[in-house]
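Computed from the coordinates by the stated procedures, all read-outs in this text should not be read as laboratory data. Small disclaimer: the values here were computed from a predicted structure and weren't measured.
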Amino acid sequence: MNQSQAQCTLHLSKQNFKFSSAHFLIFDDNSAEMLHGHNYQVRVDLQCESRDGANPGYAIDFNVLKKAIKEQCDLWDEHILLPEKHPDMKYHISQNGLNYEIHFRDRFYSFPINETIWLPVNNTSVENLSALLAKVLFKKFQGLGVNKMRVVVEETRGQSASATVS
């Protein structure tokens, strides 16, 4: 960083940075939550360098960031989130090709394919959701000069997790 550049942190926490999804948390080899849903809220803090030259006085156009965050939230909105990396999660596609038929230990679920998202995690915890969201968004924002980012995912008011990537 040269003398004319300064580190700054941008904070984005908009009302529409949200997604409503169903999931269940897996605790151990014997217990897991029942299927339920949350209205998740997302906050993103991005560390970057202020620009000089042609665009002095700001780091990144907020509209670019807001659009990308909202698009990512929309991908998970109104879907069932399942952990594809959990060893007890087994599934196949139904004969008609429209549903996942899922066996999780002693449970059986049938969910429409277009309403189900398999996440590359071992559990759909708020910790894993924040980490996954942070990795995805950081990759999108690296070309914009973002060098560190923290993503907070709140599953209910006052109950959240955050992940930081750099």
Legend entry - Links that overshoot a 21 Å alpha carbon limit, given the list LYS66/LYS135; LYS14/LYS70; LYS66/LYS140; LYS67/LYS139; LYS18/LYS85; LYS14/LYS67: LYS18/LYS85
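For MET34 and LEU75 in the same chain, what is the full-extension length gain: residue separation times 0.36 nm, less their Cα-Cα distance, in nm? Don't skip to the answer; put the middle values down first.
Working: separation 41, 0.36 × 41 = 14.76 nm, distance 2.31 nm.
Length difference between fully extended and current span is 12.5 nm.
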Inset, instruction - Mind pulling the angle between the C-alpha long axis of helix 62-76 and the longest principal axis of the chain? Nearest 10 degrees, somewhere in 0 to 90. - result: 0 degrees
Inset, instruction - Using only alpha carbon pairs under 8 Å that are at least six residues apart, calculate the relative contact order of the chain and give it in whole percent. - result: 24 percent
Inset, instruction - Apply the Karplus parameterisation 6.51 cos²θ - 1.76 cosθ + 1.60, with θ equal to phi minus 60°, to every residue of the stretch 26-35 and state each ³J(HN,Hα) to the nearest whole Hz, in sequence, with x for glycine and proline. - result: 9, 8, 7, 5, 10, 9, 7, 5, 6, 4
Legend entry - Between the stretch 88-166 and the stretch 20-40, the Cα center-to-center distance that results, in Å: 12 Å
Inset, instruction - Relative to the longest principal axis of the C-alpha atoms of the chain, give the angle of the C-alpha long axis of helix 126-141, reported between 0 and 90° and rounded to the nearest 10°. - result: 40 degrees
Legend entry - Helix-only CD estimate at 222 nm, as mean residue ellipticity for the chain, using -39500 (n - 2.57) per DSSP H run (n ≥ 4): -6000 deg cm²/dmol
